[in-house]
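Each reported figure results from applying straightforward, stated rules to the coordinates on display, with no laboratory input. Computed from a predicted structure; not experimentally measured. Positions of Cβ are backbone-derived with ideal geometry, glycine not excepted, and every protein chain shown enters the neighbour counts.
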Amino acid sequence: RKIQQLIAQAHDQYDLLILDSPPILQLSDTLTLAPLVSKTLVIFRSKKTPLKAGEEVLRQLRYIQANVVGGVLNDVSRSFWDQYYYQYYKYGYKYSYKYE
């Protein structure tokens, strides 16, 4: 109840509140915060968060009817993006048209 009161008081004083919480699968207390906020943003760590764990997090948030508005994939290596863009441009040049 105290966290609920704290969020209500802060909401009266501020236009935007951002609550950072521990990983859902490690601490179930995080699931108690989700119904108290208007929007939930899920953050996954590249090459560290297993796909099954991500699916379980989303399943639990859906179960408690949290308003999940999006996700962030952080700690993505530069080489991943370079490889992605290389493949994209390689595909693009192969099938591009030359206008004269």
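Return the long-range amide H neighbours of V68 (sequence gap of 5 or more, or a different chain), with a cut-off of under 5 Å between placed amide H atoms.
It is T40, by chain and number.
For L19, list long-range residues whose amide hydrogen, built 1.01 Å from N in the peptide plane, is under 5 Å from its own amide hydrogen.
Under 5 Å from the amide H of L19: no residue qualifies.
At a Förster distance of 22 Å, what's the computed FRET efficiency of D75 paired with K52, Cβ-Cβ distance as r, to 0.05?
That gives a FRET efficiency of 0.70.
Amide H neighbours of I43 under 5 Å, at least 5 residues apart or on other chains, H built in the peptide plane: list them.
V72
L6 to Q65: extension gain in nm, 0.36 nm per residue of separation minus the Cα-Cα distance?
Stretched out fully, the L6 to Q65 stretch lengthens by 19.1 nm.
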